[in-house]
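Structure first, then comments.
The values are calculated or read from the model by the stated rules, or taken from the named source; none is laboratory data. Bear in mind the structure is a predicted one, so any value in this text is a computation, not a measurement. Cβ sites come from the backbone with ideal geometry, for glycine too, and all protein chains shown count toward neighbours. These accessible areas exclude ligands, DNA and RNA; they are computed on the full protein's heavy atoms, side chains included. Shrake-Rupley method; radii C 1.70, N 1.55, O 1.52, S 1.80 Å.
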Amino acid sequence: MGKGKQASSDWGPWRGPHGEGAGGHNSPRTPHHYPDTQGLPGPPGCDADSACEERASLRQDRQACPTLAPLLPRLQSWEETRNLIPEKGPSEDDPDVVVKGWLYREPRGGGARPWLPPRRAWFVLTRDSLDQFSSSGKGARRLGSLVLTSLCSVTGPERRPKETGLWSVTVSGRKHSVRLCSPRQAEAERWGVALREVIASKAPLETPTQLLLRDIQESCGDPEAVALIYRRNPILRHTSGALYAPLLPLPYGVSAPGPGYAPLREEAVRLFLALQALEGARRPGPLMQGVLQTCRDLPALRDELFLQLAKQTSGPAGPPGPPATQDPAALRYWQLLTCMSCTFRPGGPVRGHLLGHLERTEQALPDSELAEYARFIRKALGRTRGRELVPSLAEISALSRRQELLCTVHCPGAGACPVAIDSHTTAGDVARELVGRLGLTRSRNAFALYEQRGAQERALAGGTLVADVLTRFEK
């Protein structure tokens, strides 16, 4: 057995058209209902979080002027529309102003054309937005505005000596980013701190999917109400179309660590495309391992993938639903969900939704193969404590069949001893089993499991997962 290398994944090829999305908030007193957008192309730049931001900004206008309500669907949003109208700069004694001053701004398209020089503008940071004006006077023309929410992100300050030599701070929003530049590092840091404080003070945004999960949790005792929520909201059901926005709120513009990864929101969409590719994959094992490796490298996407798998295992007509065809490829969502449950622990709300989904599947289809997967996954979720490495291809194959994995241990003087393990078996468990099998229970000697790599041997701690050791041996 030689030293293995961990499989890596790069979802660059998985790019697809816009497909499925969801709308904004409804009254919390009734189940949320979002129109069926399955199969319709999503507009560029539009995502589920945009509805949350636009509804929040238009709620006050609707209350103040009821006659405006029929016209609201024809407007993009008040924040977007006001940018098209020249406005006066804020007054000098505006209490909402956090910081203001002259800075350089990157011209539109400057990222693709770095030779364009930065332009000077008057920036004003308030509790709600970052505004740009042509001058500091009261009659200044507005050059642009970025509405700040809890999903906005700030990077920097960083210096670009080869381009401008200025210190820059980048603020990323839903539709675009703004880069503030200053020749002084202290000033750039002051703006960066102020922007982060404003964003941290914003109330957390919730996606439509999160609101629906809350509705399902509140209606868990009424199966008919839960079924109605699923029927009215295709975002919760299996789809053959692509997602154009993540199901959970992920920050804008945050680059994923490591080479080969896109920003988190884009990587979440790529994950869903990879899931759909499982149905037609001739060798699903490497693709499943790549998806698991992505979730190991990007922990923020683990709950997102759990929800995507719960969605794809809910059936086209709502949960629980049998596979669309008798093709074994239709079960691969359940197989990947099995591997996920033996590798990662979902967060609180996602875990509650997933357990409810598994319970509904067992109750509706008690004698089906789906119920067997649901029972296996539910037990695995209660035992999983986190993995150092993702499952090996041999483990993925065993988990897909809901079987144990056969491991060979070489014992001095006893030859090779086969031991059946699962994803939760530790080195201490294997050592105790072998001691009992070899009749050494009364021996005063201590026994341990060793990992051999070439001529080197290393004793494994009792809590080490044997499945992680096998992953290192895979290649």
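Numbers below:
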{"item": "Å² per residue, accessible surface of the range 325-475 at 1.4 Å", "result": "51 Å²"}
{"item": "Surface per residue (accessible, 1.4 Å probe) for the range 191-242, Å²", "result": "46 Å²"}
{"item": "The range 356-475 - percent of accessible surface contributed by carbon and sulfur, probe 1.4 Å", "result": "50 percent"}
{"item": "Cα-projected label distance for Arg160 with Arg127, points at 7 Å along beta-carbon direction, nm", "result": "3.3 nm"}
{"item": "Carbon/sulfur fraction of accessible area - the range 172-279, other protein chains in place, 1.4 Å, %", "result": "53 percent"}
